[in-house]
Amino acid sequence: MEILSHPSPALKLVAQPVDPTTDVDLKSLVEKMARAMYEAPGIGLAATQVGVMKRVIVYDLDDRLVALCNPVITRHSEQTEVVEEGCLSLLGLEIPIERPVAVSCEAVDLQGDPVRIEADELLARLLQHEIDHLNGIIILDRATPEERKSAIKRYMELTQAHSR
């Protein structure tokens, strides 16, 4: 399973909700996404990043794979923080992105059971980043205009250097 790179048009599409109780391909999708994420290597991946328009993310921050279906941020802290973020669809780039430092996330697991996550720090940032992907938003969209212009220039230089 290949991870799509910017400027793939699929990265701008909005994913559709899934029903884990009836979607027979979901477990296989999650396994393939996890393999791609680990091989990259990364800590999170959204289905849209592999060209599948389903609202599914996987992540692993502590040697335990987590798969979430239809994740939604239901609350976020007033306090924000700017931290450099990377992305498997923009390899080699790190962009300063401002995000809330804490969030609540509601989703369902692969069995269709409700999941509620209270997250801060890296997990909060990861959830926001991956849910952005499900909504067709990449980190370039969250950057300031100046940083976006600089990041696109750096990314073009990186991709040209790799294609030589």
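Every number here is computed from the coordinates shown, using simple stated rules; none is lab data. These figures come from a predicted structure and were not determined experimentally. Heads up, the Cβs are rebuilt from the backbone with ideal geometry, glycines too, and the neighbour counts pull from every protein chain shown.
Ordered by the count of other Cβ atoms within 10 Å of each Cβ, fewest first, Asp60, Asp113 give Asp113, Asp60.
Amide H contacts for Leu4 (H built 1.01 Å from N in the peptide plane; partners 5 or more residues away or on another chain; cut-off under 5 Å): Val50, Gly51. Projected label points at Leu65 and Ser8, each 7 Å from Cα along the beta carbon direction, are separated by 1.9 nanometres. Summing Lys and Arg as +1 and Asp and Glu as -1 over all other residues whose Cβ lies under 15 Å from the Cβ of Pro114 gives a net charge of -3. Given the choices (1) 131; (2) 262; (3) 107, volume of the Cα convex hull per residue in Å³ derived from the coordinates of this structure is entry (3).
What's the exposure ranking of Tyr155, Tyr59, going from fewest to most Cβ atoms within 10 Å?
On the way: Tyr155 19, Tyr59 23.
Least crowded to most crowded, the residues run Tyr155, Tyr59.
Placing unit charges on the Cβ atoms only, positive for Lys and Arg and negative for Asp and Glu, gives the chain a dipole magnitude near 640 debye about its Cα centre.
If Lys and Arg each add +1 and Asp and Glu each add -1, what is the summed charge of the other residues whose beta carbon sits under 13 Å from the beta carbon of Ser77? So the environment of Ser77 carries a net charge of -3.
Residue-wise HN-Hα couplings along region 145-154, as the Karplus relation 6.51 cos²θ - 1.76 cosθ + 1.60 with θ = phi - 60° gives them from phi, are x, 5, 5, 4, 4, 5, 5, 5, 4, 4 Hz; Gly and Pro carry x. Scanning residues 5 or more positions from Val115 or on other chains, those with amide H under 5 Å from its amide H are Ala107, Val108, Asp109, with H placed 1.01 Å from N in the peptide plane.
How much length, in nm to one decimal, is gained on full extension between Ala40 and Ser150, taken as 0.36 nm per residue of separation minus their Cα-Cα distance?
Details: separation 110, 0.36 × 110 = 39.60 nm, distance 2.43 nm.
Gain in length upon complete extension: 37.2 nm.
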